[in-house]
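Right, one structure below, let's go through it.
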Amino acid sequence: MSDAWHAACPLADLPPGSRKLIKIESVDIALFNLAGTIYAIKNRCPHRSGPLIRGFVDPTGGIKCPMHGWRFDLRDGSSERPAQATTYPTKIENGYIYLAFPSPRLD
């Protein structure tokens, strides 16, 4: 699989300190703007599928699942728990947020 860049939303729709839920190819993705840096993470916690969009964002760039408090790093999905969240690279071009999302192989 290779990653393809998908337009997520206009940057103006995600001002600093905000969050937004989007869908790409039937996958819910939570976007966060932390002091001008954009993060994208699959919206479902890998522990019990809690909605990460509703989680608590800490000052070090982590998101805590609202169901059981498991914390994931928004940069790479890492956790001190035995789980890894799925994150997506982001970029901003021409006033739009894009994220890299795996494209299926067409062999």
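Key figures for this structure:
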{"item": "Filtered residue count, segment 42-70, keeping only those that are aromatic (Phe, Trp, Tyr) and either part of a loop (DSSP other than H, G, I, E, B) or under 19 Å from CYS9 (Cβ atoms) (or both)", "result": "1"}
{"item": "Answer residue from segment 43-61, given it is touching a helix residue (DSSP H, G or I) at 6+ places or on another chain (Cβ under 8 Å) and at pLDDT below 95 and is surrounded by the most Cβ atoms within 10 Å (Cβ to Cβ) among those", "result": "CYS45"}
{"item": "Every pair of residues 6+ apart whose Cβ atoms lie under 9 Å, when the first sits in segment 1-28 and is among the hydroxyl-bearing types (Ser, Thr, Tyr) while the second is modelled with pLDDT of 95 or more and assigned to a strand (DSSP E or B)", "result": "SER18/LEU31; SER18/PHE32; SER18/ASN33"}
{"item": "Any hit, segment 33-41, residues being touching a residue at least 40 places away in the same chain (Cβ under 8 Å), part of a loop (DSSP other than H, G, I, E, B) and out of contact with any Lys or Arg (no Cβ under 6 Å at 6 or more places or on another chain)", "result": "no"}
{"item": "Meets criteria (out of contact with any Cys (no Cβ under 7 Å at 6 or more places or on another chain) and either among the β-branched types (Val, Ile, Thr) or touching a residue at least 12 places away in the same chain (Cβ under 8 Å) (or both)) for ASP76", "result": "no"}
{"item": "In segment 78-102, the residues that are in contact with a strand residue (DSSP E or B) (Cβ under 9 Å, 6 or more places away or on another chain), over 19 Å from TRP5 (Cβ atoms) and not polar (S, T, N, Q)", "result": "GLU80, ARG81, ALA83, ALA85"}
{"item": "Subset of segment 1-20 [assigned to a loop (DSSP other than H, G, I, E, B) and within 19 Å of GLY95 (Cβ to Cβ)]", "result": "LEU14, PRO15, PRO16, GLY17, SER18"}
{"item": "Test: residue in segment 71-80 that is at pLDDT 95 or above, surrounded by 19 or more Cβ atoms within 10 Å (Cβ to Cβ), in a loop (DSSP other than H, G, I, E, B) and not polar (S, T, N, Q)", "result": "yes"}
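The values are calculated or read from the model by the stated rules, or taken from the named source; none is laboratory data. In this text, all values refer to a predicted model and were calculated from it rather than measured experimentally. For neighbour counting, all protein chains shown are included, and Cβ atoms are generated from backbone atoms with ideal geometry for every residue, glycine included.
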